[in-house]
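All of the numbers you see were taken from the coordinates with simple rules; none came from a lab. Here the structure is a predicted model, which means the values were calculated and not measured. No Cβ is skipped: glycine too gets one built from the backbone with ideal geometry, and neighbour counts run over all protein chains shown.
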Amino acid sequence: MDDKKYWVGFNLIKGIGAVRMQALVASFGDLETAWGADPASLAASGLGAKVVDRILAARQKVNLDQIWAKIESQGIKILTWQDSDYPARLKEINQPPPVMYVRGEYLTDDLFAVAIVGTRRVTPYGRQVTEELASFLASNGITVVSGLARGVDAIAHQTALKAGGRTIGILGSGVDKIYPPEHLKLAEQMMERGAIISDYVPGTPPDASNFPPRNRIISGLSLAVVVIEAGQTSGALITAGFAAEQGREVFAVPGSILAPQSKGTNKLIQNGAQPLLSVNDIMQALDFTRIGEHKAARKVIPSDETEARLLTVLGGEPLHVDEIRNQADLPIERVSATLALMELKGMVRQVGGMNYVAVREAQGDY
């Protein structure tokens, strides 16, 4: 067994997030060493006295071998930053979760993902749009991501499964604590054709404060976020906010100015989100029209002018996606979508922080 149980251990401690986890790895080389470090060494790594005290207390109370055995018995997979199968798109965001808990399977093809989110109090109009969109995406090989909540989320997951597609649910609890409880059967079906994922340690209850932060993962795993219906204080608007910060496309379904469920989506459009008037709007904006062809392709040969142009820009030195866009003189959404396709083909590699290199000139890095 590797040192993943120590990642879980630090993940249990309040105040140890992405920044402090990074500092610990940088200071000690690995988290097993950090777990056994003396207080002075922990303080020297940049941790405050309170956090050091919490680490010392956790060592006394927590049996990591016992926790690890329980995780294994539940079939939960642990992904850390250091794993090659940690979701590549999630690595692009600011402070990605250091540890992810997965039941089911996250596949390379899940890079082609769109998040569908919205109100729990969905209207017949919202239901119809959600079903049509989720079915269309799933039928075209695009993974549907949402939060397993009542309303829009559940409809999106259910419809994607009915269409024979893949779907991923991001929880505000441990992956062994399905919430709401009536979605247990749905979650089990999703594990068969997709996954349920959380950055909260197994056993974590579904506390209200957990849900807003998990929304950054919903958007982080996706190329675009679609808000179907949302009131003025809906959590779906938080997801849209994260998506905008992460450089993802944000779509909103327009609705009646008199409907409470459309106040949030109409406001998003007013503030610059793209109105979703047809399912084809997403396909065109993200160049998903040839997704089957792109998934099958693995040759390092540019298949169109956009790929050829990006390959002339990229070399062996990491280049940020904004600089790639500037040099290629192309819209950011086309650059992001094409880079994702090129990564699947093995033409480019994402080396962290939304920086890319051309594989043809980076073979020595492997």
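So the values come out like this:
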{"item": "Cα gyration tensor category, rounded, prolate or oblate, for the range 1-120 with a/c compared to 1.5", "result": "prolate"}
{"item": "The chain, relative contact order [Cα under 8 Å, separation at least 6], %", "result": "13 percent"}
{"item": "Long pairs among 4/77; 50/77; 4/345; 14/77; 4/91, criterion Cα-Cα beyond 20 Å", "result": "50/77; 4/345; 14/77"}
{"item": "Interchain or long-range residues, amide H under 5 Å from residue 348's placed H", "result": "343, 359"}
{"item": "For residue 252, residues with placed amide H under 5 Å, excluding near neighbours", "result": "227, 274, 276"}
{"item": "Unit charges on C-beta of K, R, D, E only; dipole of the chain, Debye", "result": "960 debye"}
{"item": "Peptides ranked, highest mean first, by Cβ atoms within 10 Å: ranges 127-136, 305-314, 53-62", "result": "127-136, 305-314, 53-62"}
{"item": "Neighbour-count order for 234, 222, fewest beta carbons within 10 angstrom listed first", "result": "234, 222"}
{"item": "Isotropic mean projected area of the C-alpha convex hull, the chain (nm²)", "result": "18.7 nm²"}
{"item": "All-pairs alpha carbon distance profile, the range 100-245, 10 Å steps from 0, percent", "result": "13, 48, 35, 3"}
